[in-house]
Every structure is written in C-alpha cells, then in structure tokens.
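The values are calculated or read from the model by the stated rules, or taken from the named source; none is laboratory data. Every value quoted in this text rests on a predicted model; they were computed, and no experiment measured them. Here the Cβ positions follow ideal geometry from the backbone for every residue, glycine too, while neighbour counts run over all protein chains shown. Ligands, DNA and RNA are stripped out before the accessible areas are found, and what is left, the full protein with its side chains, is counted by its heavy atoms. Shrake-Rupley method; radii C 1.70, N 1.55, O 1.52, S 1.80 Å.
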Amino acid sequence: MVKQTADAADRAILRTLIDDPTATGVQISERTGLARNTVRTRLNRYETEPALLPFEHRIAPAFLGFPLRAYVTTTVIQRELDAVGEALASIPEVLEVSGVAGGADLIILIVARDTDDLYRVAGAILDIPGVVRTETGLVMRELVPYRAAQLVDDSEKDVVRRKAQS
C-alpha cells in the first residue's frame, strides 16, 4: 500500500515516465530540473512503497495466446477466504483477484485461449473448496483501458482547488 501521496516533484517524474517509460534517471533529472539524487531516491521509493505497478502489468495476455478475458464474480465461505486466495494464485490464468463488498466476495480477472479453455478455468475456480458460487462475464470489448495518467495532473488541480476553497 502506498504510504504517502505524490507531491509536485513526484508528478513531474511521473509525467516524464508517462511520456518516455524508458527514460533514465539522468534524463528524468534533465527534463524535470530535479537533482539526480532526488530522482534516484524517488524512483527507489516508488518501487518499495509500491507506487508503480510491476512491468508485467504491461504484457498483453493475447500476445501470449490468451485472447479471451473474463471477470468471475465469486461467493466464498468467509472463514476459508485465505485458502481460496492461495488456490486462486495457483491457477496461471488468474491474473487478478479483488475482495469486494456487495453481492459477491471476489472479482477475479481470468484469461483463456478459447471458450473450451474458459470453461476449464471457470470450472477450476468453482472446484476450489470454499467457493460457493461463481458467475462468469466474458469481456466483449474494452471501452476504457487501464489508465492513470490523467490523475497525475488532476491531483495537482485538486490541491489548487482545495487551497482556493480554504
């Protein structure tokens, strides 16, 4: 979990990385006007807090032969939640599991090679002891891909708005 929020220096570094994800510390320093040691310290902090998602988040499963994506809402026996989580982590096609409030307990993002494979993966989830019920929703198309760049500038605007209101 992130321990602190981004300040102006963090936002400058992040804007640079959004524009050029392969920028070196020296290049970031030159583009932002921040000292190299400041940039290095901040980049290290982003990795340990963690403020940046891992590189694997950028790998498209379709490129690896998994063109189908689905979300599986899952109801579990609460006292078995940790064991269910461990079992889900052992299924390679499970990309992400989030505990949620509402009608379901978990939302699981899965990938599959084809519909038969999707059926197999969904069945493997349902077979986990402690899983009571699942419902699978196939992703037909992505309307808004994962994004966060717009928050870099919005958070800065929010600070200005809050200062103006106080």
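Laid out as a table, the results:
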| item | result |
| --- | --- |
| Contact order normalised by residue count of the chain, Cα under 8 Å, 6+ apart, percent | 23 percent |
| Radius of gyration, Dmax [the range 1-150; alpha carbons; angstrom] | 19.5, 55 |
| Packing rank of 120-128, 4-12, 136-144, where each peptide gets the mean count of other beta carbons within 10 Å, highest leading | 120-128, 4-12, 136-144 |
| Protein-only accessible surface order, largest first, of Tyr119, Tyr71, Tyr146, Tyr46 at 1.4 Å | Tyr119, Tyr146, Tyr71, Tyr46 |
| Highest to lowest packing among 29-42, 88-101, scored as the average C-beta count within 10 Å | 29-42, 88-101 |
| Per residue accessible area in Å² of the chain, where ligands, DNA and RNA are left out and the probe is 1.4 Å | 69 Å² |
| The chain - charge dipole about Cα centre, Lys and Arg +1 at Cβ, Asp and Glu -1, debye rounded to 20 | 780 debye |
| Value at 222 nm in deg cm²/dmol, rounded to 500, when DSSP H runs of n ≥ 4 in the chain each add -39,500 (n - 2.57) | -13000 deg cm²/dmol |
| When the convex hull of its Cα atoms is projected in every direction, mean area for the range 14-100 (nm²) | 8.1 nm² |
| Whole-percent carbon and sulfur share, accessible surface of the range 49-150, 1.4 Å | 57 percent |
| Taking the C-alpha atoms of the range 67-149, convex hull volume expressed per residue in Å³ | 111 Å³ |
| Spin-label model distance (nm) - Gln78 vs Ala101, 7 Å beyond Cα toward Cβ | 1.3 nm |
| Options Leu64, Val144, Ser29, ranked by Cα towards positive dipole end of the chain, top entry (Cβ charges) | Ser29 |
| Cubic angstrom per residue, convex hull over Cα atoms of the range 1-51 | 68 Å³ |
